[in-house]
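One structure is given below, encoded as structure tokens.
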């Protein structure tokens, strides 16, 4: 049996082999982008940290989001089905420099 880490690496390898993005996979299964990425990486109930990192790499190549030049906002958003928690992470894009 595969570990969660091994399964996530298998998903990443298949994604690279097929040359698809997380967004394309989300569209294919008709689910939201972050949900799809978290599900395929086995990260649900882990607050999406690994998913956010994975999506940054997918959309910005080999890079990170700055934790120094960074803003975090948590707000309440109205919704007909009940209020929503709106979390905004706003960090500067930093390409890795080797």
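Just so it is clear, none of the values below were taken in a lab; they were calculated from the coordinates. All values reported here derive from a predicted model rather than from experimental measurement. Positions of Cβ are backbone-derived with ideal geometry, glycine not excepted, and every protein chain shown enters the neighbour counts.
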*Gain in span if fully extended, residue 81 to residue 1, counting 0.36 nm per residue against the direct Cα distance*: 24.8 nm
*Of 98, 22, how do they rank once you tally other Cβ atoms within 10 Å and put the fewest first?*
98, 22
*Roughly how many Å is it from the Cα centre of segment 76-98 to that of segment 1-32, as a whole number?*
23 Å
*asked:* Testing the spin-label approximation: label points 7 Å from Cα along Cα→Cβ at residue 57 and residue 70. State their distance in nm.
replied: 1.8 nm
*asked:* Which residue fluctuates most in the GNM of the chain (Cα springs below 10 Å): 33, 18, 41?
replied: 18
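Report the Stokes-Einstein translational diffusion coefficient (µm² s⁻¹, integer) for the chain, Rh taken as the Kirkwood radius over Cα pairs, at 20 °C with viscosity 1.002 mPa s.
D = 141 µm²/s.
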*Most exposed first by the Cβ proxy, i.e. fewest other Cβ within 10 Å, how do 53, 4 rank?*
4, 53
